[in-house]
1. Between helix 124-136 and the chain, what is the angle of the helix's C-alpha long axis to the longest principal axis, kept within 0 to 90° and rounded to the nearest 10?
2. Calculate how steeply helix 18-28 sits against the longest principal axis of the alpha-carbon atoms of the chain, using the helix alpha-carbon long axis, and give the answer as 0 to 90 degrees to the nearest 10.
3. In the chain, how many lysine pairs have Cα atoms under 25 Å apart, counting only pairs 8 or more places apart or on different chains?
4. Subtracting the Cα-Cα distance from 0.36 nm times the residue separation, let me have the gained length for Val58 to Val153 in nm, one decimal.
5. Mind ranking 44-51, 124-131 by how tightly packed they are, going by the mean number of other C-beta atoms within 10 angstrom, highest first?
6. Tilt of helix 92-103 relative to the longest C-alpha principal axis of the chain, in degrees (0 to 90, nearest 10)?
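Derivation of every value follows stated rules applied to the coordinates shown; laboratory data play no part. Quantities reported herein were computed from a predicted structural model and do not represent experimental measurements. Cβ atoms come from the backbone with ideal geometry, glycine included; neighbour counts cover every protein chain shown.
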Amino acid sequence: MYEAFIAAFIGLFVIVDPIGIAPVFAGLTQGADTSHKRTMAVKGTIVGTLILVFFALVGKPFLNALGISMDGLRVAGGLMLLIIALEMVFEKRTERKQESAEKFDEYFEDISVFPVAIPLLAGPGAIATIMLTMSNYEGDLEAQGAILAALAVVMLITLVIFFAASKVMDWLGPTVNAVLTRLLGVILAALSCQFILDGIKNTFIA
């Protein structure tokens, strides 16, 4: 059970990479108030956790029933992330927020489900990792419980890092934030392209 927990924790922490995606979360919530940022962080983390728990328990038969491969999931997630990345680089998200703010007294975009929960937290890599780890201990309820506990710890750490990243972005100011948002958009674009390339490569190799 202890070995299952350690293996799952290390694998999920590396794949989810909360330190790496925290600046992206901060960039996506730029301009929102603290309450909204916390809501997005909590909601996104909860939704991402529930999605991974679902795939941990019934992921393989669910995907097989729909005829969806993990590589197809990688390509789809990559394309969705690429759209968000392009909006960050060219400030389309900021423009849309300003246009919406003119129509409503207070407008903050809900990014908790997409792209925070899917595919940043519960992306193809995390889904594949949790499914594979659970299958390695099939029939061992204690070990599988330890894997789910490891998932909960990783998501709790992610939530704390999200809170810290938002505070750092607020402290840096609007000019630095604008630069970082574009830079993070480029990084997110590279990540999305890697998802797409991995999916295509694995499909042709298989």
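1. That works out to roughly 20 degrees.
2. 30
3. Number of lysine pairs found: 11.
4. Numbers: separation 95, 0.36 × 95 = 34.20 nm, distance 2.10 nm.
Gain on extension, Val58 to Val153, equals 32.1 nm.
5. Working: 44-51: 20.8, 124-131: 22.5.
Highest-to-lowest ranking by the protection proxy: 124-131, 44-51.
6. It works out to around 60 degrees.
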